[in-house]
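Report on the structure given below.
The values are calculated or read from the model by the stated rules, or taken from the named source; none is laboratory data. Predicted model, so just to flag it, every value in this text is computed and none were measured. Ideal geometry is used to build each Cβ from the backbone, glycine not excepted, and the neighbour counts take in all protein chains shown.
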Amino acid sequence: MSRTRFKWKWSGFDEVRKSDGVKQACREQASRIQARAGEGYVVEDRNYPSRSGAAVRPDTPEAYRDNSENNTLLKSIY
C-alpha cells in the first residue's frame, strides 16, 4: 500500500473564512448573544487578515458594571 500525500491550499481556507456566509453566521450568533445579554450591549464586526468575525461588547457604563459583576456575556453564550 502506498501512502497518499496531498498539500493543503491555505488560500482556499482563507476564502471560506472571509466569505459572506461566514460573516453572516458570525453576525447572527453575536446577535443572539446580544439579545440574551440585554440592553447596553452592541455587536461589532471584526475583520482580520485571514478571517472574519463578530464580537459583543458592553456599550454603557451600566452594561460594563453588569458584565464585570455577573459575567453576563459569558453566561449569554450558553
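Just need a number here: residues in the range 37-55 that are more than 29 Å from G12 (Cβ to Cβ) and either under 15 Å from the mean Cα position of the chain (by Cα) or aliphatic (A, V, I, L, M) (or both).
Looking only at that region, the number is 3.
Evaluate the range 2-16: report whether one residue or more is acidic (D, E), out of contact with any strand residue (DSSP E or B) (no Cβ under 9 Å at 6 or more places or on another chain) and at pLDDT 95 or above.
No: zero hits.
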